[in-house]
Structures are given as C-alpha cells and as structure tokens.
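This report refers to the structure that appears directly beneath it.
The values are calculated or read from the model by the stated rules, or taken from the named source; none is laboratory data. Please read these numbers as outputs of a predicted model, since none were measured by experiment. Note that we place each Cβ from the backbone using ideal geometry, even for glycine, and neighbour counts take in every protein chain shown. Side chains are part of the model used for accessible areas, which takes the heavy atoms of the whole protein and leaves out ligands, DNA and RNA. Shrake-Rupley method; radii C 1.70, N 1.55, O 1.52, S 1.80 Å.
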Amino acid sequence: MRITKFGHACVRVEHAGVRLVLDPGGFTARGAVEGADVVLITHEHADHYDAEHLRAVDAPIVTIDAVAQVIAEHAPDLSERVRVVSPGDLLDLGLPVRVVGERHAVIHPDYPRFDNSGYLLTCGDQSVYHPGDALTPPGEAIDVLLAPISAPWLKMSEAVDFVRDVGAPRSLGIHDKVYSDLALGMVDTHMANLIGELSFVRVPDGADLE
C-alpha cells in the first residue's frame, strides 16, 4: 500500500495496481488526480471538490447526493461519470470501500449542517480512513487514520481526541492549509504529548507516508 499526501485534504491511496484519489479540492495541485482510477469526494466545499480537477481525469467520480446535485448544476458535463453513494454502502472500486457517516462537523449552530461521508478503504490487510470534514469514527479498528488537524470547525483538543478515539496505530495529518507553519508545529507538539504510543506524522505535499 502507498499513501501520498497532496494539498490540504487530498490523499492518493494505491494498492494492487489501483489508484484511488480522495478530495482533490481547491488547495490541491492538478497533478494529484493524474492516473486516478476513481476519485472520491466527501462533500461539496471547495477545499474538497474542484470541477476542474475532475475534468482533468477520465475516472469515475464517487460521491454523495449533495455533491452530485452541485455537479449537475454547475458542471453537468461531469454528471455521467458520477456514482452516488450513501452512508453504509459497501463498494468495490478495485479496492473495497465502505461509506461512513452523513454530516459535516458543526461550523456554527446558525449554519445548516452539510452532508459529508467519509470513506474506509481496505488495501489487503491494511485499512485507511478518510473522514472528510467530520469527526465520525469508522466503527472498527483501522490501520491508518487521515486525521484533520486545522479548520474553522475544529479545535486542537478535538483533533487530539479524534486520533485517540479512533486509535489507529498511525495517523497522517491532513486538512492542514488553514494553519501557519508555526501553528502546525504546535499540532505536532500537542499530538506527541497527548496520544501516547500512537503515531502521528505530517508529510509535505507530494510525499508518501513511510
């Protein structure tokens, strides 16, 4: 299994000749989608969904109904490639994928809740979970958590508690463009102090998780 971190919340997971790309949004370079067999989108926000990225590749697009509606309205040329999924669905995308959760984290009580579904990928004997913009646990033991670490909807304590609650042996920090380098260094320190024997790492855009 190979996991490559791209800009912000975008990650490419490769196993057994299959490349799945998750959440190539507006903070992500176009090259993230090159060679993708399937692109998965967790929700409609621009830092996770970018129509031009999807136009740059011929791959199927797997996403929830809320995103499919946005695509139908603003990028109808992409609609024929969209496969709509729902929480709890079990998918065969070349790799087994389970759809997890249905709501974005609360940004502010005065805002309506957005739909959001994460994806749990099984790569042989390893599993990887991308929650999108939510702190919804996967409901089972996993090997790698793609852990959001900075957002208007996220406190540092919540990020730490999510990593601890999921309990994955390894967590890779994602959703990181909101913080400065100084603040990201603080994330590293707090994670090291508070998650015990679990491993948390950050890698530069374009780098692989070792």
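Yes/no matrix, rows are residues, columns are (1) more than 27 Å from Pro152 (Cα to Cα); (2) in contact with a Phe, Trp or Tyr (Cβ under 6 Å, 6 or more places away or on another chain); (3) open to solvent by 30 Å² or more (accessible area, probe 1.4 Å):
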{"position": "Ala9", "(1), (2), (3)": "no, no, no"}
{"position": "Leu22", "(1), (2), (3)": "no, no, no"}
{"position": "Thr28", "(1), (2), (3)": "no, yes, no"}
{"position": "Val38", "(1), (2), (3)": "yes, no, no"}
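Restricting attention to the stretch 42-57, the residues that are acidic (Asp, Glu) and touching a residue at least 40 places away in the same chain (Cβ under 8 Å) total 2.
What are the residues in the stretch 99-123 that are open to solvent by 10 Å² or more (accessible area, probe 1.4 Å), touching a residue at least 24 places away in the same chain (Cβ under 8 Å) and either closer than 13 Å to Val62 by Cα or of a type in the set (Lys, Arg) (or both), if any? Result: Arg103, single match. Taken as a whole, the structure places Asp161 among residues that are acidic (Asp, Glu), part of a helix (DSSP H, G or I) and open to solvent by 40 Å² or more (accessible area, probe 1.4 Å). Here Gly185 meets each of (1) free of Cβ contacts under 8 Å to residues at least 24 places away in the same chain; (2) open to solvent by 10 Å² or more (accessible area, probe 1.4 Å); (3) under 27 Å from Asp65 (Cα atoms); (4) not hydroxyl-bearing (Ser, Thr, Tyr) with one exception, condition (3). Each residue in the stretch 124-152 was checked for being assigned to a loop (DSSP other than H, G, I, E, B) and either surrounded by 16 or more Cβ atoms within 10 Å (Cβ to Cβ) or basic (Lys, Arg) (or both), and 11 of them qualify. You will find that of Ile195, Ile174, the residue that is closer than 21 Å to His104 by Cα, modelled with pLDDT of 95 or more and touching a strand residue (DSSP E or B) at 6+ places or on another chain (Cβ under 9 Å) is Ile174 and no other. The number of residues in the stretch 58-76 that are in contact (Cβ under 8 Å) with a residue 12 or more places away in the chain, open to solvent by 50 Å² or more (accessible area, probe 1.4 Å) and under 18 Å from Phe114 (Cβ atoms) comes to 2. Of all the criteria given as (1) among the hydroxyl-bearing types (Ser, Thr, Tyr); (2) in contact (Cβ under 8 Å) with a residue 12 or more places away in the chain; (3) open to solvent by 20 Å² or more (accessible area, probe 1.4 Å), the one not satisfied by Ser79 is (2).
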